[in-house]
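This report concerns only the one structure given below.
The values are calculated or read from the model by the stated rules, or taken from the named source; none is laboratory data. Because the structure is predicted, anything quoted here is derived from the model rather than measured. Cβ placement follows ideal geometry from the backbone for every residue including glycine, while neighbour counts extend to all protein chains displayed. Remember, those area values only see protein heavy atoms, side chains included, never the ligands or the DNA or RNA. Shrake-Rupley method; radii C 1.70, N 1.55, O 1.52, S 1.80 Å.
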Amino acid sequence: MNKTAENVAKMFGWIFIGLLFLLLWQIGQASQSAWIGVIVGVGIILAYSGTAFYTAKETLGGYLTLSLLSFIALSVAVWLSGLAGGWWWTGVWLMVALAHFVVAIDAWQEDDDHMRVALILGILHTLLAFLAPTVVLPSLQASPSDLTGSIWPGFLVGGLMTLILAWHQGRHKTEGGPFIFWALISLGLLTGATWFSKLQGGWLWSVPWLLAGLVLLHAAQELRDYSFGRMAGNWGLLMVALCLIVAFAGPALLPDYLKGASSTLTQASPTEAPAPTATVTTRAQSTPVLTPVPQPAPAFADWDRFTKNGETALQNFFLAAFRSIWGIFHLLMLFVLGYLWFGTWRKGALPSITLVLAVWLLGAYQSPYAQLLIHLFSSSPAGWMHDMLMASIEHWGTMGWGVLLTGAATVLLLLPAFRITSKVNYVLALNAASVSRLRDSSVMRQFTRDLNRLGVHPVDNMIAFVMISVVSIGLFIALWMGLRQVGERGNLPLGFIFLPDLTVPHWAPVWDWAYFLLAFLMLLATNILMQVQKKLEPVPQEYGYLSNVVVLPATAIAAALFPAGVLLFSLSAVLTHTLFLPLRVQGISRRDYEQELERRQLEKEPGQLKEERDRLKEERRRLEEERDRLKEELRQLKEKPGQRGIPLQPKDDMSKAQEAKIVWTSQLPLISMLPLEDSKWFLSESGVLFVQAQALEQVKVPIQNANALFALKESTAEREGEVLVIGDGQKVLRLGRGSRKILQTFTLSQKGDAFTLNPYKTMVAWLNVSEGIVGGMFLEAGHEVTFASGLAVTPALAFSADGRHLAAGAPDGRIHLINVATRQVETSLQLPESSVSFGKSVRYLAGRKGGGWLAVYENRRTVLWDSNYQVEQELPARKWRLDTIAFHAASGRLAFGMNEGHLQVFDASLKQIFACQMEEKQLSWMDFSSDGKTLFVIGNKTIVRKVELP
């Protein structure tokens, strides 16, 4: 199987290289310059170098830099060649887009932010692939006087790419200087795009400036959380304010100025006096159907007239909307879509409020877009589709691009509805239930609880299903009607790429290879979607997945009877759905489903089986004890055959403890040790580090008082392993396991009283009790974050088993759960007042496998919390004083070290499995081995023992 996969990979590699050389040769021939082909090749190689850099380093900096250089090289080639070669350039941009999609796939499941950045870059390059031959090419072939107006798309894309670089420097690396540098470059490129475009499109130019403002605000807020980045964060906020000013005031105030500047630049002679009314010579073009050119904005001098214009536009909008049944329907659909996107009915009104404000503002400026909105909301969907098709013909000379964009936009619009259906399928699959079984009250209660845990109300499923059905089927029918209307007009281009006519077939098959090819593409895209869905999304078994038994005849019937434009719309929707499926199932994917199933299998069985299970366990325990007793008697008889029938008494707990092997005896008081495969590390209170491998070594570290010792990376053939030493409350040292050298040193902003490492060993969290601050440090990047401040906390700190939450104990018995991603306190756990431990200080915390927490309180009682934040079990207080505690997350084993050397070990159900009394009267530290079968104990702060557990 591996050999086959390797051969297939080699085959695709050679195909890719062949296509690359074919593209370079065709573009070089068309542009009559081999250097153009070389520049294009360099651009593609730079893009894939960025992909290779990310897969090796998993950092955005180098990847984004190489991607920017790739875009610059390709932009230069486009400018020099004038896009000679036409549609061959589509292949170039698609190759570069593939490089970004590879990065998105690699970052998926590892880093959501990296995945989103790569996905956005891939989508941008995909758009360029289809816009280059249709939109950019006519601009580059314009007369020389119009060339300055054709370069703005390059400035715009460059501005957006450098904007991502600025966000990365500010948000992830928290480096103020590079953030300001790239932010200024980005705003400069956006300013150039705005200037050269002369604000064609009017208020649409608010979108990139608003996007720039939001992205810079996101990064600036992160920088302001750090004392060393506060100044850069303030500069970022200033740039955000500038972006907002340009976004809201630019389209209103700048068009006249830019036209005046253009008129001055295009005068016939520099010595002639400027004419009172200068004009700009442009190519003749007909007025677009859906995008009328905005008129110059009125001045603010007459404020009464300004507001009256807005009120008039608003009045016309409501009259047109409520006089038509379609207007009421569209407003209702907008409100429901707002609810699906924002999650609450109050926030669901935001799109409607935004629409009203837009109509008022556009009307106040007397913009034709106000009339466009009024027309859209009072028209039927069939009218929308007819206008969309005519606008597509007006802009691109074909209906096809408009149909493709409409199909993609429909899926993106319904993305939250699709996500709700995925959540419902996820819950049904978890409970092995179907819709018919929901009539059972117990199944329905569990179904509702699981949905609420995912933030979905059962009614939301019905709303999502209705929205998907109404919008999809409605637009499907409306597009069919629009195609028939356009086809009946005549004298209009009806073809698209290889399709001669998008308005046929119409209930009668057309036997032409082009329509069979479209059907094949539709079938291929549907199969790709099904395969990706099978891999990513769990679906109830009773539902099953679509198969070719259904898809093949359905596609054949659709291709034979439905217009090609409708099938093209469906093809675009399926491809977009496939592309955004990872976002749809984020957090509810098949991997999450399998983890949740495993967690549930480890939970308690149903109540009716509990009694039988306990009885069988007790019977098993009794039989095991009897077996051990008989084995001991047999061993004694073999050793002393002359004393048959006189078995020795089993050894007591004290003798077991005395047989615990002494690992090492230190001359200095120890606080911790680390049992590794090839060595053992011991950390003394004074900061002296001892390593026991073939011989005992002493390692000097620059700390006076030691705090903690953790294992980091494991040793491999390519690199040595690492350990983490924390001392003086805030010094963090990374040491090589083999070299014993300090690899990196960090200093925390605050002294910590407790420290813990996340399960992935990428972040160390710390807690300052006096200030109530909980913080963390990313060990790779070395930058620090603050999770919470001003909390009343105890030195009890732990990560959850999946690393998504950080728990901090409180003096009043609460457990604060902090969301690591949002850096906010998500909730607080509190025992019921009936509990004996209610109000008692939290002494120890640990994350349980599969979710939930283990907490030990001041009164020496232990509580198990389940993943639903409910108390699962309590262990009574220990007889002796607790001195140290250890927990093994994988096996659920819990160990207590108490005064007078008493040691007790419990299993995951808090049943005691081992107890003894050590020779050392004070147990200061202990921890389990990686497999949970051995317990290492430090007694009297100097003697390290190894206790083998049953």
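May I ask you to verify whether residue 381 is open to solvent by less than 80 Å² (accessible area, probe 1.4 Å) and under 28 Å from the mean Cα position of the chain (by Cα)? In short, no.
Residues in the stretch 873-899 that are modelled with pLDDT of 85 or more, among the charged types (D, E, K, R) and over 14 Å from residue 846 (Cβ atoms): 874, 883. Screening the stretch 705-726 for residues that are at pLDDT 85 or above and polar (S, T, N, Q) and picking the one that is surrounded by the fewest Cβ atoms within 10 Å (Cβ to Cβ) gives 705.
If you go through the stretch 344-358 one residue at a time, do you hit one that is touching a residue at least 60 places away in the same chain (Cβ under 8 Å) and part of a helix (DSSP H, G or I)? No, the stretch 344-358 has no match at all. Please go through the stretch 504-534 and give me each residue that is open to solvent by less than 30 Å² (accessible area, probe 1.4 Å) and more than 29 Å from the chain's Cα centre (by Cα), ordered by number. Within the stretch 504-534, 505, 514, 515, 518, 519, 522 qualify. Of 303, 345, all but one fail to be surrounded by fewer than 16 Cβ atoms within 10 Å (Cβ to Cβ), modelled with pLDDT under 75 and under 30 Å from residue 415 (Cα atoms); the exception is 345. If you scan the stretch 494-503, which residues turn out to be touching a helix residue (DSSP H, G or I) at 6+ places or on another chain (Cβ under 7 Å), surrounded by 14 or more Cβ atoms within 10 Å (Cβ to Cβ) and over 18 Å from residue 558 (Cα atoms)? Residues satisfying the conditions are 494, 496. If the condition is being among the charged types (D, E, K, R) and farther than 25 Å from residue 928 by Cβ, then the stretch 699-715 contributes only 700.
Screening residue 770 with (1) buried (at least 17 other Cβ atoms within 10 Å of the Cβ); (2) without any contact (Cβ under 8 Å) to a residue 40 or more places away in the chain; (3) more than 24 Å from the chain's Cα centre (by Cα) gives one miss only, at (1).
The helices (runs of 4 or more DSSP H) falling completely within the stretch 372-455 that include 1 or more residues that are basic (Lys, Arg), modelled with pLDDT of 80 or more and within 29 Å of residue 344 (Cβ to Cβ) map to 415-430. Residue 910 meets all of the listed conditions (1) in contact with a Leu (Cβ under 6 Å, 6 or more places away or on another chain); (2) in a strand (DSSP E or B); (3) within 19 Å of residue 843 (Cβ to Cβ) but one, namely (2).
Restricting the stretch 918-950 to residues that are assigned to a strand (DSSP E or B) and surrounded by fewer than 17 Cβ atoms within 10 Å (Cβ to Cβ), the residue that is nearest to the chain's Cα centre (by Cα) is 934.
Residue-wise test of (1) within 22 Å of residue 758 (Cβ to Cβ); (2) in contact with a Gly (Cβ under 8 Å, 6 or more places away or on another chain).
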site: 822; (1), (2): yes, no
site: 826; (1), (2): yes, no
site: 836; (1), (2): no, no
site: 842; (1), (2): yes, yes
site: 850; (1), (2): yes, no
site: 858; (1), (2): no, no
site: 865; (1), (2): yes, yes
site: 872; (1), (2): no, yes
site: 876; (1), (2): no, no
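Annotation: residue 910 fulfils all but one of (1) over 30 Å from residue 802 (Cβ atoms); (2) surrounded by fewer than 19 Cβ atoms within 10 Å (Cβ to Cβ); the unmet one is (1). Among the criteria (1) crowded, with 19+ Cβ neighbours inside 10 Å; (2) within 36 Å of the chain's Cα centre (by Cα), the one residue 376 does not fulfil is (1). Take the conditions (1) modelled with pLDDT under 80; (2) in a helix (DSSP H, G or I); (3) buried (at least 17 other Cβ atoms within 10 Å of the Cβ); residue 79 misses just one of them, which is (3). The single condition among (1) closer than 22 Å to residue 932 by Cα; (2) open to solvent by 10 Å² or more (accessible area, probe 1.4 Å) that residue 696 does not satisfy is (1).
Residue by residue, here is whether (1) buried (at least 19 other Cβ atoms within 10 Å of the Cβ); (2) aromatic (Phe, Trp, Tyr) holds:
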| residue | (1), (2) |
| --- | --- |
| 847 | yes, no |
| 853 | yes, yes |
| 857 | yes, yes |
| 865 | yes, yes |
| 873 | no, no |
| 876 | no, no |
| 889 | yes, no |
| 895 | yes, no |
| 901 | yes, no |
